[in-house]
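The values are calculated or read from the model by the stated rules, or taken from the named source; none is laboratory data. What you are looking at is a predicted structure, and each value in this text was computed from that prediction instead of being measured. Counting neighbours? That spans all protein chains shown, and the Cβs are built from the backbone with ideal geometry, glycine included. Just so you know, the surface numbers come from the protein's heavy atoms only, side chains and all, with ligands and any DNA or RNA stripped out. Shrake-Rupley method; radii C 1.70, N 1.55, O 1.52, S 1.80 Å.
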Amino acid sequence: MFAELIPAIARMTRLWAQAAISPVTECRRPLVALLMVLAWPLFCLLQLGHWLGFLIDEILFRGWRRVEVREPLFVLGPPRSGTTHLHHVLSRDENTTTFRMWECLFGLSVTGRKLLLGLGRLDRALGRPLGRAGGWFGRRFLAGMDDVHPFSLNAPEEDFLALMPAMQCFILVVAFPRAEWLWRTARLDEAVDAAARRRLMRFYRACVRKHLYVHGTDRRLLSKNASFSGMAEALLETFPDARIIACTRDPKKTVPSQLSAIRPGLNAAGFDRVPEVLRDRFVELLKFYYLHLERTARARPGQVVVVDNAALHGDLHRTVADALQALGLGLDDAFARALADLDRASRGFSSVHAYTLEEFGLTAEEIEERFAEVYRIRRFGRVGRSAAGKGDHGDGP
């Protein structure tokens, strides 16, 4: 995994330079650009801290290298298509283990995890002063994001954040839209040469093995990453016995939801609005995700199934059970009971995250035209047994 270290340092430097010249090249607010230039070295030090932990692992915890990753389950799909909901549901299965926010941000190495787990035990023994402070910080500064994406340090989280030390985590594109390698990473299966693809996947696999080393090698890894939709084939090559549940949703809903979701990040990064060029680039990426996952599902029957967001909300229990059955994965009695409870709780749920196509200069007709191939392949909003893609790779849900 250390093959990514030097390229990562080079990328850190390039992003720092981009922030410095961004008021001219990207129309970013100068004050925000200055703050980014000043804060970026601190962020990079945090990432280098992960690399230090990786180095210590090679001295103290080399056992992680003997860990085998067996039948991992990946939740993919275009952003805003129900991946977070499904991830949280599947994480209730005690036979799985998934990355938590705190691990992604601060404890990717075995060393970092063990230190933080020890600190957590000490914090609980002292009455949770750090836990209460973290809760206050979340309520004070992150509560406004709950309708878009809930934040909690102990919540199941997208482990694409594990790619942050390598500076290949796609979320960085919101702050650095001119970083072309991030856009290529989002289309890894088609836009990155084989050697670089294998190098990045070796890094990710090492992070997964370190996670299992700490949390138990007898548990199945559960991973959710919308931005991994463009690397579905690379995941299946890296983990040959992996399974993928791919969520889908009407593009007329995912497009404005995704643009609305990135808007707070763009504002924080110094942009007054979602630039039209960036908007169109995200729209094209979403289209690629839909089509790429459909192609992968057809090519990998038994390893990839597609579920509709409407089915997840309308009949969660049957949709999840059918998807797992189609993948050759069972559900034990405990998870079946938890799934039934979650099904009852989710019925009638309605997000308060509000958005429209028009606020981004788009229309329903334009989306239907741009995503015409997607609509030809799949119908959206149907709730029923075929929602898990069982024997049906045509019309779908």
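Condition check ((1) without any contact (Cβ under 8 Å) to a residue 12 or more places away in the chain; (2) farther than 30 Å from G63 by Cα; (3) surrounded by 22 or more Cβ atoms within 10 Å (Cβ to Cβ)) across all residues:
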residue: G216; (1), (2), (3): no, no, no
residue: L221; (1), (2), (3): no, no, yes
residue: A234; (1), (2), (3): no, no, no
residue: A242; (1), (2), (3): no, no, yes
residue: I245; (1), (2), (3): no, yes, yes
residue: R249; (1), (2), (3): no, yes, yes
residue: L266; (1), (2), (3): no, yes, no
residue: R273; (1), (2), (3): yes, yes, no
residue: R279; (1), (2), (3): no, yes, no
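Looking only at residues in the stretch 17-55 that are within 20 Å of M164 (Cα to Cα) and among the polar types (S, T, N, Q), the one that is modelled with the lowest pLDDT is Q18. A search for C-beta distances below 9 Å between a residue of the stretch 118-135 that is open to solvent by 100 Å² or more (accessible area, probe 1.4 Å) and any residue that is at pLDDT 70 or above and acidic (D, E), counting only pairs 6+ apart in sequence or on different chains, returns L130/D123. You will find that of Q47, Q18, the residue that is of a type in the set (S, T, N, Q), closer than 16 Å to L172 by Cβ, in contact with a Phe, Trp or Tyr (Cβ under 6 Å, 6 or more places away or on another chain) and open to solvent by less than 50 Å² (accessible area, probe 1.4 Å) is Q18 and no other. Taking every residue in the stretch 331-351 that is part of a loop (DSSP other than H, G, I, E, B) and pairing it with any residue that is crowded, with 16+ Cβ neighbours inside 10 Å and modelled with pLDDT under 90, at least 6 positions away or on another chain, the pairs with Cβ-Cβ distances below 8 Å are R347/H313; R347/G314; F349/H313. Within the stretch 293-309, restricting attention to residues that are part of a helix (DSSP H, G or I) and open to solvent by 30 Å² or more (accessible area, probe 1.4 Å), the residue that is nearest to E237 (Cα to Cα) is A299. Among (1) within 22 Å of F106 (Cα to Cα); (2) of a type in the set (K, R); (3) open to solvent by 70 Å² or more (accessible area, probe 1.4 Å), which single condition is R11 missing? Every condition holds for R11 apart from (3).
Only one of these is within 24 Å of the chain's Cα centre (by Cα), under 22 Å from T84 (Cβ atoms) and at pLDDT below 80: H313, H353, H317. Name it. Testing whether each residue is within 24 Å of the chain's Cα centre (by Cα), under 22 Å from T84 (Cβ atoms) and at pLDDT below 80 leaves just H353. Taking the conditions exactly as written (open to solvent by 10 Å² or more (accessible area, probe 1.4 Å) and not in a helix (DSSP H, G or I)), does P23 satisfy them or not? So P23 fails the test. The conditions of being assigned to a helix (DSSP H, G or I), at pLDDT below 95, open to solvent by less than 20 Å² (accessible area, probe 1.4 Å) and out of contact with any His (no Cβ under 6 Å at 6 or more places or on another chain) are met by S260.
Could you tell me whether H211 is open to solvent by 20 Å² or more (accessible area, probe 1.4 Å) and either free of Cβ contacts under 8 Å to residues at least 12 places away in the same chain or more than 27 Å from D308 (Cα to Cα) (or both)? No; evaluated as a whole, the condition is false for this residue. For F99, state whether it is in contact with a Leu (Cβ under 7 Å, 6 or more places away or on another chain), surrounded by 15 or more Cβ atoms within 10 Å (Cβ to Cβ) and not polar (S, T, N, Q). Answer is no for this residue.
The helices (runs of 4 or more DSSP H) falling completely within the stretch 177-224 that include 3 or more residues that are closer than 17 Å to E71 by Cβ map to 194-215. Counting only residues that are open to solvent by 10 Å² or more (accessible area, probe 1.4 Å), within 25 Å of M231 (Cβ to Cβ) and of a type in the set (D, E, K, R), how many does the stretch 56-77 have? The total comes to 4. For the stretch 310-320, the set of residues classified as open to solvent by 20 Å² or more (accessible area, probe 1.4 Å), farther than 14 Å from H88 by Cα and in a helix (DSSP H, G or I) consists of A310, G314, R318, listed by residue number. Scan the stretch 323-346 residue by residue and report those that are at pLDDT 90 or above, farther than 13 Å from L90 by Cα and surrounded by 14 or more Cβ atoms within 10 Å (Cβ to Cβ). Correct list: Q325, A326, L327. Restricting attention to the stretch 115-143, the residues that are within 18 Å of V214 (Cβ to Cβ) and either of a type in the set (A, V, I, L, M, F, W, C) or modelled with pLDDT of 95 or more (or both) total 5. Take the conditions (1) over 21 Å from the mean Cα position of the chain (by Cα); (2) of a type outside the set (G, A, S); (3) modelled with pLDDT under 95; (4) crowded, with 18+ Cβ neighbours inside 10 Å; T111 misses just one of them, which is (3).
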